[in-house]
Structures are given as C-alpha cells and as structure tokens.
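The values are calculated or read from the model by the stated rules, or taken from the named source; none is laboratory data. It should be emphasised that the depicted structure is a prediction, and the values quoted were computed from it without experimental measurement. In this analysis, Cβ positions are derived from the backbone assuming ideal geometry, glycine residues included, and neighbour counts consider all displayed protein chains. Each accessible area value is taken on the protein alone, full model and side chains, heavy atoms only, with ligands, DNA and RNA left out. Shrake-Rupley method; radii C 1.70, N 1.55, O 1.52, S 1.80 Å.
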Amino acid sequence: MNRHAFSFGLVVVATTCLSLFYTEAGFGQTNPEQGHDMGRMEETGAADIATGKMIYRMTCIHCHGSKGRGDGAAAIFIGPYSHPRPNDFTAGIFKFRSTESGQLPMLEDLMRTIREGIPGFMPSFRNLGEERIRQVSLYIAREFIQKELPTQTTIKYVEHVGPYTYSVESVVRGKEVYKRLGCFACHGLDGRGTGISLKDKRGLPIKPVDLTRQETFGNGTSHEDIYRTIMTGLDGTPMPGFSSQFKGKEESAWDLVHYILSRQGR
Ligand code: HEC
Ligand code: HEC
C-alpha cells in the first residue's frame, strides 16, 4: 500500500469510528426510523439544522472544513495536489445529482451521497440513520450552499423494466450509442480511458474513469445509478450530461448502461 492510500485509510478509520461513536451515543432526541415519514422529510426546522450542525462538526468537518470549502485538516491526506478533493460546497457545483447539468442537487441527492459514500474518497455514513443524514444535508444546504434546493428534476427517469431490461441485442445497440455520442473520445474505444489529459474546475488533473472497473464509480454502480450519471454528467469535471441527446428516447440510455455493464472486468 502506498503512503497516500495508507493515509486515506487512517482518515476513513478515524471518521468511521467517530460516526459509530455518534450513533452509539444516540445524539439528539429523534428516532432514526421517523426519517421515512414523508411529512417529516419536508420539515426544515431550526432543531434539525442544529442537530445537522452537530453531526457535521463531529463527522464531516475534518475533510470538508468548518466553512464547507473542502479544506478540513484531513483533506490534505486525500491528496493536496490530486483529484478529487472534498468539494467546496459554497461554490454550488455538485457532481452527484439527479438534476440537469448546471443545477443544484436535490436534498435526496446529498442524502444518497452521504448514505452511500464515494468509493476511495469518502466512507458511507449509512449508520447515522436516515433522519440524521437528512439533518446534516439540511445543514449543508442552509449553511454552505445558501440557496433553495430544487425539489424535482426535469430529467425523465424511465423505469428499467420489460423491454428495457438487459439483453444481448440491447448491449449491441448500446455499443452504437457509445460511438455515436462520442464517449470514446475520453473513455477510449475499449472503455479503459485514452490517457488524454483533462482538468477539473479547479485546474487539477482528472482522468476519465475506466469504464471496465465499476468499483471505481463514485456515483454508484446500479443500473439506475449509471443511467443517472449519463443523463446528468458530473458537474465540475469534463464529464458532460447527455440528457438533451436522449430527449424523447430515454429508453435507449438503458442500452448504453447495458453496454457499460457488459464491459466489466474486460
Ligand atoms: C475522509 C474524508 C471525508 C469525510 C469524513 C467526509 N467526506 Fe464528503 N467528500 C469527501 C471527498 C474527497 C469528496 C469529493 C469526492 C469527489 O469529488 O469524487 C466528498 C464529497 C461530498 C459531497 C458532494 C458530492 C458531490 O455531489 O459533488 C457531499 C454532499 C459530502 N461529501 C458530504 C459529506 C458529509 C455530510 C460528511 C459527514 C457526514 C462527509 N461528507 C464526510 C471526503 C470526505
Ligand atoms: C469530455 C470527456 C468525456 C466524455 C465525452 C465522456 N466522459 Fe464519462 N467521464 C469523464 C471524466 C473526466 C470522468 C471522471 C470524473 C471523476 O473522476 O469524477 C468520467 C466519468 C464517467 C463515469 C463514472 C462516473 C462515476 O460514477 O464516477 C461514467 C459511467 C461515464 N463517465 C460514462 C460516460 C459515457 C457513457 C459517455 C458517453 C455518453 C461519457 N462518459 C462521455 C469524461 C468524459
């Protein structure tokens, strides 16, 4: 293991312990089970924000920093000169959204990122429970983003059912879509990346993800996750959103998803 990976491991262990401690301590008076109640989901009371702040200070601040600018004390271990670093929440540019490119994420998008984590960069905080995940998301929105988050998206999410599920024919069509939309320009014809040098919004070098290794995808690896990534793109990186190319023929995005999944381990 190189020093970089080791340091990251330490940070993850430390933060996971903290969040475990937090869960054990049973902070706040809310029951995590109540997080599933849609009525409560809409509440943005001061008590929620205050609990969210406490969670942030115990669990997130080391990487994301006290002002949400991604400059916490531990962020340096993730690689001061490498990508990706914890993002600057105050800049309002988010990678993992279900909304159009250029828009803010929905609250549920922040919650999903926190729940699932980001492989290699941020641990999953699932053990906080849905209610606390919601509270810390509200805190980030209020304190750092400081704008109203969208509550719906204009992107059409076609269900992955019936004729749109996996088939060999779909993979063959997906390969054509991959070529037609120019994915190969960055990801290469074999999906492994072309080695072209790209930069993210901070001017730091960034590599197109190796599409044959889904374990490295930050935005999730389920069919639905990859569909969402393709539609929305990853703002702040060169990965564009393709929702306009799929307008009116959203089903064919599933062909592309199937093609990517068929390439795993190749
Ligand atoms: C070990 C360091 C670390 C800890 C601890 C951490 N994060 Fe992160 N977080 C990151 C990194 C690194 C990124 C950027 C990864 C990327 O851009 O692929 C990130 C990104 C995010 C994003 C934005 C993703 C996007 O859409 O661009 C959110 C939201 C987030 N973190 C919330 C949290 C919350 C809430 C906590 C505490 C419960 C937390 N993080 C704890 C390292 C951390
Ligand atoms: C202009 C270059 C470029 C083009 C064109 C492009 N990508 Fe990407 N893509 C990237 C970069 C760069 C990343 C890595 C972003 C990161 O590390 O956060 C990426 C990441 C991804 C990911 C992984 C996302 C994750 O969860 O981490 C998938 C899947 C993906 N691209 C699919 C596609 C598909 C399918 C197409 C064509 C429809 C495409 N890309 C076109 C540059 C590009």
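Exceedance of the 21 Å cut-off in Cα-Cα distance is limited, within the set 67/95; 175/249; 67/201; 147/249; 175/247; 179/249, to 147/249.
Run the numbers for residue 207 and residue 244: contour at 0.36 nm per residue of separation, minus the present Cα-Cα distance, in nm.
Length gained between residue 207 and residue 244: 10.9 nm.
Ordered by solvent-accessible area of protein heavy atoms (1.4 Å probe), largest first, the residues 197, 167 come out as 197, 167. Calculate, for residue 152 and residue 194, the FRET efficiency according to 1/(1 + (r/R0)^6) with r their C-beta to C-beta distance and R0 51 Å; round to the nearest 0.05. So, using R0 = 51 Å, E works out to roughly 0.90. Taking a quarter of the surface of the Cα convex hull of the range 162-262 gives a mean projected area of 6.2 nm².
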